[in-house]
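Data block below; observations after.
The values are calculated or read from the model by the stated rules, or taken from the named source; none is laboratory data. The model shown is predicted, which means the values in this text are computed figures rather than measured ones. Counting neighbours? That spans all protein chains shown, and the Cβs are built from the backbone with ideal geometry, glycine included.
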Amino acid sequence: MTRYHTYDAVIVGAGGAGLSAALAAGKNVKTAVVSKLYPTRSHTGTAQGGMCAALANVEDDSWEWHAFDTVKGSDFLADQDAVDIMCKEAVTAVLELERMGLPFNRTPEGRIDQRRFGGHTRDHGEAPVKRACYAADRTGHMILQTLYQQCNKEGVEFFNEFFVLDLLMVEGTCAGIIAYELATGELHVFRSRSVLFATGGYGKMFKITSNAHTLTGDGPGVVYRKGLPLEDMEFFQFHPTGLYRLGILLSEAARGEGGILRNKDGERFMENYAPTIKDLAPRDMVSRAMFSEIKAGRGAGEDNDYLLLDLTEVDPEVVEKKLPDITEFARTYLDVEPLEEGVPVVPTAHYAMGGIPTTVDAEVLRDHRAETVPGFYAAGECACVSVHGANRLGTNSLLDIVVFGRRGGLAMTEYASTHPLPDVPEDAHEHAEKWLASLMEGDNPEPVADIRETLQQEMMDKASVVRNEDSLTQARDSIGKLAERYAGTRVRDRSKVFNTELTEHIEFGYLLDMAEALVVSALARTESRGGHYRDDHEMREDEHWLKHTFITKGDGGDPSLAYKDVTLGRYTPVERKY
Ligand SMILES: Cc1cc2nc3c(=O)[nH]c(=O)nc-3n(C[C@H](O)[C@H](O)[C@H](O)COP(=O)(O)OP(=O)(O)OC[C@H]3O[C@@H](n4cnc5c(N)ncnc54)[C@H](O)[C@@H]3O)c2cc1C
């Protein structure tokens, strides 16, 4: 049986972006959040290090310095109007969370404490600055709990463990969504005046990743299949300090508090790559430096294939009090005592800079000419506004999700108050129903898990920290073959109650789409910029490439590319030195 619901605002995803949007919309219009996970299990809850804002509580700071760092960190690909908005609104965003009850760490005077993070500097690159507000190494957990409580207080309705399958469009206008209830296998049609996607990232396409299993790009996948564009998909961030072999994240806060990266000879190698801010250089640079050290045979361990994060010179009390979770990870997963020895680390796939293109009010763009899709919004890691350009600075994502989630929620309120409820055809759910039925018909030739493992290894080997034409062409060809194999697979479990084989099957399809969009966009960009580093085109080339990539899946299924100019502002691109 299919059930029908009617709302003014429907938000897909209950991470920080979704809940910020829901809170802003829920105060004014009838709002629902639809999430495949129970809200507080969203990946935002694992964010450790902090959320930045130029509060200047501990050291001199200004939002302009923050904006400069963000633009420089982005390798000048960020849109500077969006960056200005984010850095200015950061201060109120943090103070509002504080007033809602978020337990930030405090200075002895009782103000919100702040710490250092990569790429955040004072006075345009002079020296690292303390800008990240934090709650030990559980900042995201606290943000998520705080926003969830407030949403409940405002009467936002939650549909938890509902898997969104499709977006409803009527004559080019967004009209709602279709969701599958995990506990019953029932379909639900949500008619709505406005819809916001906040479905998070898609790091699970890589073998070594800090991302949760559920980060499979469902939102951007639905958008891509609708023939709408995705922006800057070639830019995927590798975080320097994932636990060796596992990818589990050790927050950059470890280096912010004084941790140092060393090679097998004990050398502080970042001094050679970023002489001014060393270990606190942006992530793209540190990950590349680690890659170079390993390639030059200076990696530690029997296979010389990892580096060491040295916390032994940090005050043990600081380690225990401000970094309790990550030190415990090192003990539990690698049997290493961080107070006494270096922790083996490697770069780990961490953050998608690209995603669903939006305006600064989270309105989704229909094309590279900046036309929008009425009633449709996106925010958070699944979106590209673009404040992170080619490389995101640490602590700017928790900020992005709160600021642009809220702006999206406000824009939805305004739109929903002035537009009628779109008519939805009675058979709106039939397409989804037939799709699910087809996935459960016939025999399954091979497990999807095997195809997924191959994709993750291919992406790791051929499209990660270092790429070139050969590796990307091979990756593109492999993805094509994997997609053919995937198309022949079927779901063996035919039950209606918590059918995780079915949801994993669908999720993997989106991962394949994300991988295709990444590799095709990366092949075309014959330069190196931020997280996209090509050893066959090592230089950044502003003359040709100071522009955003828009990738669209055509009617025949083949992707096509278009480009949109970067919005510049106070800062003209210069060589990036740290
Ligand atoms: C380990 C780790 C540590 C991090 N630390 C920091 C940090 O210290 N500072 C910082 O700024 N950033 C950090 N980041 C990045 C930051 O946490 C994320 O980019 C951000 O939290 C993403 O928020 P979001 O709301 O966009 O998505 P998420 O929090 O990932 O939420 C996605 C939501 O979408 C829902 N969803 C997805 N698909 C569907 C579907 N098909 N149907 C229904 N619902 C769906 C999920 O249920 C979930 O509720 C970290 C990331 C990781 C992985």
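Restricting to the range 335-365, give me the number of residues that are at pLDDT below 95 and either touching a Phe, Trp or Tyr at 6+ places or on another chain (Cβ under 8 Å) or under 20 Å from LEU77 (Cβ atoms) (or both).
The number of residues fulfilling the criteria is 0.
Considering only the range 70-93, how many residues are touching a residue at least 60 places away in the same chain (Cβ under 8 Å) and within 14 Å of the ligand (Cβ to nearest atom)?
5
Would you check which residues across the range 197-218 are within 11 Å of the ligand (Cβ to nearest atom) and either in contact with a Gly (Cβ under 7 Å, 6 or more places away or on another chain) or among the aliphatic types (A, V, I, L, M) (or both) and list them?
Those that are within 11 Å of the ligand (Cβ to nearest atom) and either in contact with a Gly (Cβ under 7 Å, 6 or more places away or on another chain) or among the aliphatic types (A, V, I, L, M) (or both): PHE197, ALA198, THR199, GLY200, TYR202, THR209, SER210, ASN211, ALA212, LEU215.
Can you pull out the residues in the range 9-45 that are charged (D, E, K, R) and away from the ligand (no atom under 11 Å from the Cβ)?
Residues satisfying the conditions are LYS27, LYS30.
I'd like to check which helices (runs of 4 or more DSSP H) are fully inside the range 440-555 and have at least 3 residues that are of a type in the set (S, T, N, Q) and surrounded by fewer than 21 Cβ atoms within 10 Å (Cβ to Cβ).
So the answer is 448-462, 469-487.
For ASP367, work out the one condition from (1) more than 16 Å from the ligand (Cβ to nearest atom); (2) under 22 Å from the mean Cα position of the chain (by Cα); (3) in a strand (DSSP E or B) it doesn't fulfil.
(3)
Return only the number of the condition from (1) buried (at least 24 other Cβ atoms within 10 Å of the Cβ); (2) outside any loop (DSSP other than H, G, I, E, B) that ALA390 does not satisfy.
(2)
Which of (1) within 16 Å of the ligand (Cβ to nearest atom); (2) at pLDDT 95 or above does GLN48 not meet, given it meets every other one?
That leaves (2) as the condition not met.
Residue-wise test of (1) more than 28 Å from PRO347 (Cβ to Cβ); (2) basic (Lys, Arg); (3) within 22 Å of the chain's Cα centre (by Cα).
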position: GLU516; (1), (2), (3): no, no, yes
position: ARG525; (1), (2), (3): no, yes, yes
position: ARG529; (1), (2), (3): no, yes, yes
position: MET539; (1), (2), (3): no, no, no
position: HIS548; (1), (2), (3): no, no, yes
position: THR552; (1), (2), (3): yes, no, yes
position: LEU568; (1), (2), (3): yes, no, no
position: THR572; (1), (2), (3): yes, no, no
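Search the range 336-357 for residues being part of a strand (DSSP E or B) and under 15 Å from the mean Cα position of the chain (by Cα), and hand back the single one that is surrounded by the fewest Cβ atoms within 10 Å (Cβ to Cβ).
Of everything passing the filter in the range 336-357, TYR351 is surrounded by the fewest Cβ atoms within 10 Å (Cβ to Cβ).
What number of residues within the range 136-147 satisfy the criterion of being in contact with a strand residue (DSSP E or B) (Cβ under 9 Å, 6 or more places away or on another chain) and either hydroxyl-bearing (Ser, Thr, Tyr) or not in a helix (DSSP H, G or I) (or both)?
Number satisfying all stated conditions: 1.
Please name all residue pairs, on different chains or six or more residues apart, with Cβ atoms under 6 Å, provided the first residue is in the range 376-392 and is under 18 Å from ASP69 (Cα atoms) and at pLDDT 95 or above and the second residue is within 10 Å of the ligand (Cβ to nearest atom) and not in a loop (DSSP other than H, G, I, E, B).
Note: pairs meeting the criteria are VAL385/PHE404; VAL387/ASP400; ARG392/GLN237; ARG392/TYR351.
For the subset of the range 33-68 comprising residues that are in a helix (DSSP H, G or I) and within 19 Å of the chain's Cα centre (by Cα), which member is surrounded by the most Cβ atoms within 10 Å (Cβ to Cβ)?
This residue is THR44.
Please find, among THR372, THR348, the residue that is hydroxyl-bearing (Ser, Thr, Tyr) and within 16 Å of the ligand (Cβ to nearest atom).
The unique qualifying residue is THR348.
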